[in-house]
1. Quickly run through the range 89-123 and pick out the residues that are assigned to a helix (DSSP H, G or I) and over 19 Å from the mean Cα position of the chain (by Cα).
2. Output the residues belonging to the range 145-168 that are outside any helix (DSSP H, G or I) and free of Cβ contacts under 8 Å to residues at least 40 places away in the same chain.
3. Looking at the range 124-137, is at least one residue assigned to a helix (DSSP H, G or I) and among the hydroxyl-bearing types (Ser, Thr, Tyr)?
4. What pairs come up if the first residue lies in the range 40-62 and is under 13 Å from Ile105 (Cβ atoms), the second is exposed (fewer than 14 other Cβ atoms within 10 Å of the Cβ) and among the basic types (Lys, Arg), and their beta carbons are under 9 Å apart, counting only those six or more places apart or on different chains?
5. Quick check on Ala142: is it exposed (fewer than 12 other Cβ atoms within 10 Å of the Cβ), on the phi < 0 side of the Ramachandran plot and part of a helix (DSSP H, G or I)?
6. Looking at Tyr162 and the list (1) buried (at least 17 other Cβ atoms within 10 Å of the Cβ); (2) closer than 19 Å to Lys41 by Cβ, which single condition is not satisfied?
7. If I go through the range 103-130 residue by residue, how many of them are surrounded by fewer than 16 Cβ atoms within 10 Å (Cβ to Cβ) and either more than 16 Å from Asn78 (Cβ to Cβ) or modelled with pLDDT under 95 (or both)?
Amino acid sequence: MKRLVSALALIPVLCVLAGVPLAAQSSTIKADVVKDLTGLKTTMDKIAREMPEDKYTYKSTPPQRDFAAQVMHIATVNLMLGGMVGGKTPPPAIDNKATKKADVIAAMDASFDYLLALANEQTEQSMLETVQARFLGPSTRARVFYFAVSHTQDIYGQMVVYLRLNGGVPPASQRP
C-alpha cells in the first residue's frame with residue numbers, strides 16, 4: 001500500500017518534469033471571441049459554397065429572403081455590428097446588391113475578416129468596455145461580438161433548411 005501511495009505522489013512531479021499541465025489552460029475573452037468568429041467564418045463559408053449557384057435565388061416561401069440574400073444579410077449585419085464595436089480597421093467595401101454566389105461569399109468572408117480584425121485590435125480591458133450599440137443599448141464590446149455570432153447562427157439555421165429543401169446536406173452533417 002505504501003508503494004502505491006508513493007507512486008501516486010510522484011504523478012504530479014512527473015507531470016511537471018514532462019511539461020504536462022496539471023490544470024486546464026486558461027483562456028481570455030479576446031481569444032474566445034477570435035476563436036469563435038474564426039470557426040463560424042469557416043462554417044458559414046462551407047454552407048454557402050454547398051448551395052449550387054442556380055439555387056442562390058431559392059426562397060422557401062415567397063416572402064422570405066432568397067439564399068443569396070441570406071448570405072448578404074450576414075455580411076451587412078456583421079459590418080453594422082463591427083461599426084458599433086469601433087476600431088482602427090476600416091470596413092470592407094461590399095456590394096449590398098450582390099446576388100452571384102462568388103460575390104456574396106466574398107462579401108460575407110470579408111465581413112468576418114473585418115470582425116476578426118476588430119477583435120484582434122482589442123485588449124481584455126477594451127472587450128469589457130461599454131459601447132453604444134443602437135438596438136442592443138449600452139453593451140460591452142464582447143456582447144456585440146457575441147451578438148454577431150448568435151445572429152449568424154440564426155441565419156445558419158435558415159440556410160440549412162434552404163439547402164436541405166434543395167437536396168443538399170449541410171457540411172457539418174455530411175459523412176464520408
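The values are calculated or read from the model by the stated rules, or taken from the named source; none is laboratory data. Quick caveat, the model's predicted, so the values are computed rather than measured. With ideal geometry, Cβ positions are generated from the backbone for all residues, glycine too; neighbour counts draw on all protein chains shown.
1. If the condition is that a residue be assigned to a helix (DSSP H, G or I) and over 19 Å from the mean Cα position of the chain (by Cα), then Lys101, Ala102, Asp103 are the ones that fit.
2. Listed by number, the list holds a single entry, Gly167.
3. Among the residues of the range 124-137, at least one is assigned to a helix (DSSP H, G or I) and among the hydroxyl-bearing types (Ser, Thr, Tyr), which makes the answer yes.
4. Glu53/Lys100; Tyr56/Lys100
5. No.
6. Only one criterion in (1) buried (at least 17 other Cβ atoms within 10 Å of the Cβ); (2) closer than 19 Å to Lys41 by Cβ is unmet by Tyr162, namely (2).
7. Total satisfying the criteria: 6.
Okay, residues lined up against (1) within 18 Å of Asp36 (Cβ to Cβ); (2) touching a Phe, Trp or Tyr at 6+ places or on another chain (Cβ under 9 Å):
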position	(1), (2)
Ser60	no, yes
Ala93	no, no
Ala106	no, no
Gln125	no, no
Ser139	yes, yes
Asn166	no, yes
Val169	no, no
